[in-house]
Amino acid sequence: MSADEDIRKNIKELKREKDVVIVAHNYQTGLIQDIGDYVGDSFGLAQKVNEMDVSNVVFCGVDFMAESAAILNPDKNVIHPEPESRCPMAAMVDMDELKSYKEKNPDTAIVSYVNTNVETKARSDICCTSSNAVKVVRSVDEEKVLFLPDKNLGRYIKRFIDDKEVEVWEGYCGTHDDITAADVKGLKDEHPDAEVVVHPECRPEVIDIADYAESTAGILNRAKESDVDEMIIGTEKEMGYRLRKEVKDKEFYFPGDPTCQNMKKITPEKVLRSLETLEPVVEIEDEVAERALKPLEKMVDLGRG
Ligand code: 13P
Ligand code: SF4
């Protein structure tokens, strides 16, 4: 038996023995996607963990995803196999800067992308994911909105909002910001009939030449619905594993080699260890978790956009 088969077998057995489910983001490696009981985008993962009647959830994704699940489900043990798997964009909000912005702009709604740390969420009015960002911004009563931290998603939202002033923080995701319009155009030249679907964390000039901008779940849905034979996908490369596994009648091309190294810090060995020990559990201070809960609940309650 190969090492991979061995680990799959051990994980399967441990899952049967213990009251535990494994959830995984679409950017996890193929083996981890395969052992996941549920694989999805940030919104789907948050929603799914809420619905699960289970004591222990092994969360294969980056820090903010596991933290959000833990805040929304204080009665469940959310286990993050590698706490160092962190989204760099989530750390791009300086707390002093945000505090002083709020003092100077008390009538501005703070809308934070779920890719933020807990302290930022606790200081926000509502959170959103890429699948409901426009809907969330439309939902707030205030005429002025500060969207943080992703400048690319923020600028994308602004395309659809004409009755509010939307100010955008200067954060970004390196993995998506590095996808160039030139690389996408190069692939379009090679595959002129391909449909182009990109994540809204991409730069505006990349979104401009795309047919659709979608969350990772939206990209998968588009691939299932579309009747084209070829698609150019502007997001993290492991999305290709999910697409090729579930949509067999299409070819998928990725511009460059977009990789989120932090997602890859979750390895099958670490997942196995977490199943054996049911650790490390995500721990968040009660006071900050309570304040972060409301904006997260509002996000889930609003549903997808
Ligand atoms: P999704 O919510 O679309 O899965 O995106 C999460 C993310 O981190 C994209 O980089
Ligand atoms: Fe964060 Fe970008 Fe990785 Fe998504 S792809 S988790 S935004 S660093």
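The values are calculated or read from the model by the stated rules, or taken from the named source; none is laboratory data. As the structure is a computational prediction, the values presented were derived from the model and not from experiment. Here Cβ is always computed from backbone atoms with ideal geometry, including for glycine, and neighbour counts include all displayed protein chains. Each accessible area value is taken on the protein alone, full model and side chains, heavy atoms only, with ligands, DNA and RNA left out. Shrake-Rupley method; radii C 1.70, N 1.55, O 1.52, S 1.80 Å.
Summary of values
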read-out	value
Distance from region 273-305 to region 67-134 (C-alpha centre basis), Å	11 Å
Candidates per chymotrypsin sites (Phe, Trp or Tyr not before Pro) in region 158-216, loop by DSSP, up to 15 other Cβ within 10 Å	F160
³J(HN,Hα) computed for each position of region 48-54 - Karplus, 6.51 cos²θ - 1.76 cosθ + 1.60, integer Hz, glycine/proline x	5, 4, 4, 7, 6, 9, 8
With all protein chains modelled, accessible area of T267 [1.4 Å, Å²]	40 Å²
Residue of S215, S226, S274 that the Gaussian network model of the chain assigns the largest fluctuation, springs spanning Cα pairs under 10 Å	S226
Largest to smallest accessible area among L187, L293 [probe 1.4 Å]	L293, L187
Taking only Cα atoms of the chain, radius of gyration then Dmax in Å	19.2, 63
Accessible surface, per residue, of the chain when the full set of protein chains is kept, probe 1.4 Å, Å²	45 Å²
The chain, helix-only ellipticity at 222 nm - DSSP H runs n ≥ 4, -39,500 (n - 2.57), divided by all residues, nearest 500	-12500 deg cm²/dmol
Debye intensity ratio I(q)/I(0), log10, region 169-305, q values 0.14, 0.21 Å⁻¹ (C-alpha model)	-0.81, -1.21
Rounded accessible area of F252 (nearest 10 Å², 1.4 Å probe)	10 Å²
Long-range tail of P(r) for region 197-257 (Cα pairs > 14 Å, %)	48 percent
Rg ratio (alpha-carbon, reference 2.2 N^0.38 Å) - region 35-126	1.20
Label-point separation in nm, A182 to E17, each point 7 Å along Cα→Cβ	5.4 nm
The chain - percent of accessible surface contributed by carbon and sulfur, probe 1.4 Å	43 percent
Those aspartates and glutamates that a straight Cα-Cα span of less than 18 Å connects to K12, excepting residues fewer than 8 apart in one chain	D4, D34, D37, E269, E276, E279
Of K245/K270; K99/K298; K121/K224; K144/K265; K185/K270, pairs whose Cα-Cα distance is over 29 Å	K121/K224; K144/K265; K185/K270
In Å², nearest 10: area of E290 left accessible to a 1.4 Å probe	130 Å²
Region 150-235 - convex hull of the alpha-carbon atoms, volume per residue in Å³	95 Å³
Global size of region 105-175 as Cα Rg and Dmax, reported in angstrom	10.9, 34
GluC sites (Glu not before Pro) within region 129-231, DSSP loop, no more than 14 other Cβ atoms inside 10 Å	E143, E170
Cut-off under 5 Å, modelled amide H: who pairs with V39 long-range	A24
